[in-house]
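Chemist: Sharing a structure below in structure tokens format, with a few things to ask.
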Amino acid sequence: MKNILVFAESADNTFKKSTQEAISYAREIAETVGGTVTALVIGATDGSNLGNYGAHQVVSVDYAGSFTSDAYSTIIAEVAKSMQSDLLVVSNTYSGKSVAPRVAASLDASLATNVISLPVTSDGFVVKRGVFSGKAFAWVNLSKSCKVLSITPNSFEIKTWSGDANKSTQSISATSGIAVEQVNKVTGKIALTEAEVVISGGRGLKGPENWGMIEELADALGAATACSKPVSDMGWRPHSEHVGQTGITIKPNLYIAVGISGAIQHLAGVSSSKVIVAINKDPEAPFFKAADYGIVGDAFDVLPKIIAAAKN
Amino acid sequence: MQGNPIGEKGGFFLLFLRKLKRMKVLVCISVVPDTTTKIGFIENNTQFNTAGVQYILNPYDELAVTRGLELAEANGGSVTIVHVGKADSEAVIRKALSMGANEAIRIDAEPTDAQFVAAEIAKIAGGYDLILTGRESIDYNSGAVGGLLGALLGIPSVNVVTRIDYANGTFTFDRDIDGGRETVSCAAPVVASAQKDLCEPRIPNMRGIMAARTKPLQLLQPQTVADFSASKSYELPTAKTGVKMIDPENASQLIDILRNEAKVI
Ligand SMILES: Cc1cc2nc3c(=O)[nH]c(=O)nc-3n(C[C@H](O)[C@H](O)[C@H](O)COP(=O)(O)OP(=O)(O)OC[C@H]3O[C@@H](n4cnc5c(N)ncnc54)[C@H](O)[C@@H]3O)c2cc1C
Ligand SMILES: Nc1ncnc2c1ncn2[C@@H]1O[C@H](COP(=O)(O)O)[C@@H](O)[C@H]1O
């Protein structure tokens with residue numbers, strides 16, 4: 001690789017953890033196969049600290065419009081062309097995934113989303129990506145000379161680097177066919193796709209009124225909350241919390257499943273978690289086969305004890 | 001429309017114009033292993049083991065078909081289904097037709113990756129007001145066909161939509177964003193990808209199933225070359241080595257274990 005470009009996604013004037021991971025990932029590639037890492041900041045967020053995660057240089061584009069897939073893709077593709085980038089790295093967030101394909105199409109690049117490994121370059125350019133909704137992985141060779149990778153949050157450790165990144169600005173005009181009319185952000189909550197710890201509840205919790213326990217434990221551990229499909233289908237929890245084959249696929253360091261049976265479609269979305277804890281009153285629940293730690297017990301007895309210990 | 005201020009002839013003309021302006025919806029569908037499928041590989045892990053696998057319409061695409069039909073019905077339009085795949089997908093294509101779609105196109109090629117699929121669909125996707133895909137296919141999971149199509153056709157793309165409404169040439173969408181939801185609007189033509197919550201999937205009825213048998217299913221040959229990527233091999237997640245049980249009476253021990261043994265909190 002010669003020129004690696006990273007889309008440095010920011011929210012509320014700070015760079016997300018997933019962005020830091022993407023930059024670290026790019027730097028790791030630069031260290032092994034050569035190349036320079038450029039972090040692209042769109043909007044007003046100050047990119048001064050991005051050198052700490054491995055960026056050699058930071059390019060800022062002062063675009064004041066809202067995030068829209070077409071305008072942001074135009075900007076990213078323009079910068080990539082001007083820098084003759086042969087690799088673009090974004091994170092596999094909703095925003096990252098809505099620009100990656102568009103940019104790949106404008107650069108005539110090969111695209112891989114859900115990437116969870118560094119490229120293997122001994123024979124081509126091969127990356128490992130999640131397929132079958134968490135049930136398997138594929139090693140995919142990308143054949144075009146330019147590549148776009150969207151990398152799964154929580155797949156790479158953030159490394160710190162010293163040295164100031166060289167800063168510059170580019171002015172690029174972009175228009176969007178999409179008008180953003182209203183944005184509703186849930187504040188103060190940890191995004192499920194990026195969370196390191198996730199506490200999840202199933203039908204075993206009996207009703208939405210019992211989610212206080214789940215939230216209390218999540219608060220104590222700095223975790224995000226999730227749920228099984230029937231729980232969101234019944235409207236006990238918002239659908240954005242539904243994990244599994246037809247919901248979100250997550251990869252936290254710790255997943256605690258409370259009152260969830262462990263159906264194959266549920267496990268698909270969570271089995272990449274590093275450590276899994278299952279709490280279920282049925283010793284035969286399939287989840288115990290997929291867990292590292294298990295407690296056979298009634299959630300209503302067990303959870304309060306765990307919450308008390310977590311708060312300690 | 002109320003009243004007729006421009007006389008009978010003008011009225012006919014308007015009717016004619018409106019006929020011309022019928023909403024045209026294109027829905028891209030993928031055919032995927034049933035969600036209960038145990039995934040396995042053969043040939044030294046280079047090929048997916050299809051033995052005994054049941055194929056279904058991708059669950060997100062089922063939502064795309066349903067909402068596409070609702071919009072076309074409400075606005076006097078039509079829905080075309082497109083699929084890139086071999087002949088064994090035809091049962092699933094007929095299912096989409098039995099839900100109410102007017103016609104289908106099958107592009108006769110192995111769908112090797114999202115980029116090839118999008119390049120093929122882009123060749124036939126001109127002239128539609130709304131192009132719908134699923135948020136992602138539950139087998140390939142790239143979530144990319146919609147965005148690729150938008151770029152290839154030079155039109156906007158709106159991902160993971162949970163609402164689509166239409167009035168006066170403009171579509172309004174709710175979509176999931178990182179940490180929330182937003183509302184956006186966009187003039188036709190536009191590509192959107194369906195997320196859960198968009199609608200309740202429509203179940204085909206007997207009449208629909210009968211009608212689907214004779215609906216047009218056009219077969220096209222691929223026009224592009226699949227040269228973006230190739231899956232070299234597959235692997236399964238490493239199996240858990242066995243669960244360690246914790247006494248429910250001592251449940252608080254879990255926190256200690258997670259802190260000091262597993263070191264994840
Ligand atoms: C096409 C399709 C797609 C699907 N996609 C998904 C998906 O993406 N995600 C998903 O989650 N599911 C999905 N499912 C549904 C899946 O098959 C299961 O039905 C679902 O995961 C079950 O949810 P649950 O474990 O919460 O409920 P249940 O199966 O009802 O299990 C409840 C569990 O709670 C335990 N329990 C009860 N009371 C207590 C208590 N007091 N204390 C402790 N434990 C208790 C019970 O022993 C039981 O194991 C899908 C299904 C289909 C057909
Ligand atoms: N072979 C295919 N033929 C037609 N449409 C497809 C095909 N594969 C994927 N799609 C569409 O693209 C969406 C996203 O798929 P993917 O990019 O593979 O995750 C799916 O939900 C379908 O709407």
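Chemist: Among the listed residues A:K144, A:K159, which satisfies the condition of being modelled with pLDDT under 95 and surrounded by fewer than 23 Cβ atoms within 10 Å (Cβ to Cβ)? Steps first, please.
Modeler: On the way: A:K144 fails: modelled with pLDDT under 95.
That would be A:K159, the only listed residue that is modelled with pLDDT under 95 and surrounded by fewer than 23 Cβ atoms within 10 Å (Cβ to Cβ).
Chemist: Here is a further query. If you check A:L303 against the conditions, is it more than 7 Å from chain B (Cβ to nearest Cβ), open to solvent by less than 20 Å² (accessible area, probe 1.4 Å) and within 11 Å of ligand 1 (Cβ to nearest atom)? Quick ask: steps written out before the conclusion?
Modeler: Values: more than 7 Å from chain B (Cβ to nearest Cβ): yes; open to solvent by less than 20 Å² (accessible area, probe 1.4 Å): yes; within 11 Å of ligand 1 (Cβ to nearest atom): yes.
Yes: the conditions hold for A:L303.
Chemist: What single numbered condition from (1) at pLDDT below 95; (2) assigned by TED's automatic domain parsing to the domain that holds A:G54; (3) open to solvent by 40 Å² or more (accessible area, probe 1.4 Å) fails to hold for A:N154?
Modeler: Among (1) at pLDDT below 95; (2) assigned by TED's automatic domain parsing to the domain that holds A:G54; (3) open to solvent by 40 Å² or more (accessible area, probe 1.4 Å), A:N154 violates only (3).
Chemist: Kindly indicate whether any position in segment B:214-234 is modelled with pLDDT under 95, open to solvent by 80 Å² or more (accessible area, probe 1.4 Å), closer than 30 Å to A:Y94 by Cα and facing chain A (nearest Cβ under 7 Å).
Modeler: Within segment B:214-234, none of the residues are modelled with pLDDT under 95, open to solvent by 80 Å² or more (accessible area, probe 1.4 Å), closer than 30 Å to A:Y94 by Cα and facing chain A (nearest Cβ under 7 Å).
Chemist: When A:F67 is evaluated against the numbered criteria (1) open to solvent by 10 Å² or more (accessible area, probe 1.4 Å); (2) of a type outside the set (S, T, Y); (3) modelled with pLDDT under 95, which criterion, by number, is the only one it fails?
Modeler: Condition not satisfied by A:F67: (3).
Chemist: If you don't mind, another one. Scan (1) surrounded by fewer than 23 Cβ atoms within 10 Å (Cβ to Cβ); (2) within 16 Å of ligand 1 (Cβ to nearest atom); (3) of a type in the set (K, R) for the single condition B:K123 breaks and write down its number.
Modeler: Of (1) surrounded by fewer than 23 Cβ atoms within 10 Å (Cβ to Cβ); (2) within 16 Å of ligand 1 (Cβ to nearest atom); (3) of a type in the set (K, R), only one is false for B:K123: (2).
Chemist: Taking the condition of being under 18 Å from the mean Cα position of the chain (by Cα), at the interface with another protein chain (Cβ under 9 Å from one of its Cβ atoms) and open to solvent by 60 Å² or more (accessible area, probe 1.4 Å), how many residues in segment B:166-212 meet it?
Modeler: 1
Chemist: Tally up the residues in segment A:263-300 that are open to solvent by 30 Å² or more (accessible area, probe 1.4 Å), in contact (Cβ under 8 Å) with a residue 24 or more places away in the chain, facing chain B (nearest Cβ under 7 Å) and assigned to a loop (DSSP other than H, G, I, E, B), please.
Modeler: Residues that pass the stated criteria total 2.
Chemist: Further question: Do we find that A:G124 is more than 8 Å from every other protein chain (Cβ to nearest Cβ), at positive phi and surrounded by fewer than 22 Cβ atoms within 10 Å (Cβ to Cβ) in this structure? First the steps, then the outcome.
Modeler: Details: more than 8 Å from every other protein chain (Cβ to nearest Cβ): yes; at positive phi: yes; surrounded by fewer than 22 Cβ atoms within 10 Å (Cβ to Cβ): yes.
In short, yes.
Chemist: Any residue in segment B:241-265 that is more than 7 Å from chain A (Cβ to nearest Cβ) and without any contact (Cβ under 8 Å) to a residue 24 or more places away in the chain sitting within a Cβ distance under 8 Å of a residue that is open to solvent by 20 Å² or more (accessible area, probe 1.4 Å) and assigned to a loop (DSSP other than H, G, I, E, B)? List the pairs, counting only those 6 or more apart or interchain.
Modeler: Matching pairs, first to second residue: B:Q253/B:D247; B:R259/B:I265.
Chemist: Test B:R163 against the criterion of being away from ligand 1 (no atom under 16 Å from the Cβ), more than 9 Å from chain A (Cβ to nearest Cβ) and part of a strand (DSSP E or B), and give yes or no.
Modeler: Values: away from ligand 1 (no atom under 16 Å from the Cβ): yes; more than 9 Å from chain A (Cβ to nearest Cβ): yes; part of a strand (DSSP E or B): yes.
So B:R163 passes the test.
Chemist: Would you check which residues across segment A:211-262 are within 13 Å of ligand 1 (Cβ to nearest atom), more than 19 Å from A:N92 (Cα to Cα) and assigned to a strand (DSSP E or B) and list them?
Modeler: Result: A:C227, A:Y255, A:I256, A:A257, A:V258.
Chemist: Here is a further query. Residue check, A:P101 against (1) within 16 Å of ligand 2 (Cβ to nearest atom); (2) touching an Asp or Glu at 6+ places or on another chain (Cβ under 9 Å), all met but one. Which one?
Modeler: (2)
Chemist: Is it fair to say A:S73 is open to solvent by less than 10 Å² (accessible area, probe 1.4 Å), modelled with pLDDT of 95 or more and within 14 Å of another protein chain (Cβ to nearest Cβ)?
Modeler: Judged against the criteria, A:S73 is a match.
Chemist: Right, next: Of (1) surrounded by fewer than 23 Cβ atoms within 10 Å (Cβ to Cβ); (2) in contact (Cβ under 8 Å) with a residue 60 or more places away in the chain, A:S91 satisfies all except one. Which?
Modeler: Tallying (1) surrounded by fewer than 23 Cβ atoms within 10 Å (Cβ to Cβ); (2) in contact (Cβ under 8 Å) with a residue 60 or more places away in the chain, A:S91 fails exactly one: (1).
The values are calculated or read from the model by the stated rules, or taken from the named source; none is laboratory data. Just so it is clear, the structure is predicted and the values come from calculations on it, not from any experiment. Virtual Cβ from ideal backbone geometry, glycine too; neighbours counted across all protein chains shown. Ligands, DNA and RNA are excluded from the accessible area calculation, which covers all protein heavy atoms including side chains. Shrake-Rupley method; radii C 1.70, N 1.55, O 1.52, S 1.80 Å.
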